[in-house]
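What follows draws every value from the coordinates through simple rules; no lab data is involved. Values in this document were obtained by computation on a predicted structure and should not be read as measured data. Reconstructed Cβ throughout: ideal geometry from the backbone, glycine too, with neighbour counts over all protein chains shown.
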Amino acid sequence: MILLLSHAFAFDPVLESLEDGEVDWTNLRLIVHAAGGNLGTATNLETAEGDARQQLEPRVQRLARAVRIDRTRLAGALLDAEDAVADRLDSNLSLWEVYEARYHGGGNVELDAALSLQAWLRPALVTFAHTPEHPPQVGGASGLILDARGLDLKCALGPELFDAAGAHLFGVGDMTAYAASQHGPVLYVADPGDPVAAKRAGATPLFMRVDHVQDGTDLVLSAGDASELRTAALTSDLLVHGNVVVVVGP
């Protein structure tokens with residue numbers, strides 16, 4: 001289920017709730033929660049914080065496996081591949097950091113930690129990308145904003161975009177390796193006015209309504225919109241650079 005977490009004076013990120021944490025699909029990070037100390041029982045704060053920290057690493061490892069890569073795979077499948085990429089992903093799981101600590105009366109401590117999914121999954125993303133580097137195209141559409149509000153969409157790191165006839169339009173494989181090393185193929189936001197959407201899609205984006213969702217994670221455009229996108233991609237790098245924003249929510 002997709003939830004929205006409110007922050008004062010900020011746009012809400014798109015969150016997917018997990019046990020003991022959530023995936024922040026807007027900022028592309030895995031958030032993990034832990035608590036130390038016994039509620040109602042006085043506890044040394046240092047001991048309680050140490051207890052909470054000990055919980056974080058196994059929780060990061062467990063929840064990271066549940067991150068949705070595409071319509072068929074969770075990140076656990078990449079970790080189980082027994083190849084060089086899996087080894088690097090396993091090593092990168094240590095990149096998590098505690099970003100907030102809350103100390104309560106009675107010596108109880110709550111910790112929030114975050115793992116950047118881009119940093120963690122970069123070794124896999126660059127292997128998924130197959131478009132050769134080329135001189136940048138100047139002009140044309142700067143990006144693509146897809147309105148998928150009201151649709152039953154499951155956020156994934158690498159969704160695909162299809163036309164009404166089932167022909168492939170876009171996915172991480174259409175990006176350059178450098179672009180994939182910088183960010184995933186799409187950015188999920190809850191509001192098209194979010195500044196991060198403008199930053200990704202640029203000053204002159206195309207706006208299109210998603211016709212329907214396919215296989216939970218993939219997006220389908222009408223024949224007319226698909227034709228417009230193909231034409232725009234001939235004179236723009238919006239797809240090879242992954243300048244695609246997906247707006248989700250009710």
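Observations on the model:
- For the chain, the Cβ-based charge dipole about the Cα centre amounts to some 280 debye (Lys, Arg positive; Asp, Glu negative; other atoms uncharged).
- Segment HIS134..LEU95, full-extension length gain: 10.9 nm, with 0.36 nm per residue of separation and the alpha-carbon distance subtracted.
- Based on Cα contacts under 8 Å between residues 6+ apart, region 142-250 shows a relative contact order of 51 percent.
- Under 5 Å, built H, 5+ apart or other chain: amide partners of VAL245: LEU144, ILE145, LEU146, LEU187
- Integer Hz, Karplus 6.51/-1.76/1.60 couplings in order for region 221-233, x for Gly and Pro: 9, 5, 4, x, 5, 4, 5, 5, 5, 4, 5, 5, 5
- In this rough spin-label picture, where each label sits 7 Å from Cα along the Cβ direction, the ARG209-ARG71 distance is 2.3 nm.
- P(r), alpha carbons of region 132-247 - 10 Å bins starting at zero, rounded %: 15, 51, 32, 3
- Gyration tensor (alpha-carbon) shape descriptor, region 191-250, a/c threshold 1.5: oblate
- Taking the fewest neighbouring Cβ atoms within 10 Å as the starting point, the ordered list for THR26, THR176 is THR176, THR26.
- Given the alternatives (1) 1.70; (2) 1.03; (3) 1.00, Rg/Rh (Cα atoms, Kirkwood Rh) as computed for this entry is given by (2).
- In plain terms, the residue of MET208, MET175 with the fewest other Cβ atoms within 10 Å comes first and the most crowded comes last, giving MET208, MET175.
- Among GLY158, GLY224, GLY37, the largest mean-square fluctuation in a Gaussian network model of the chain (Cα springs under 10 Å) belongs to GLY224.
- Near LEU169, the amide H atoms lying under 5 Å from its own belong to LEU161, PHE162, ASP163; only residues 5 or more places off or on other chains count, and H is placed 1.01 Å from N.
- Residues considered: LEU89, LEU144, LEU239. Largest GNM mean-square fluctuation over the chain, using C-alpha springs under 10 Å, is found at LEU89.
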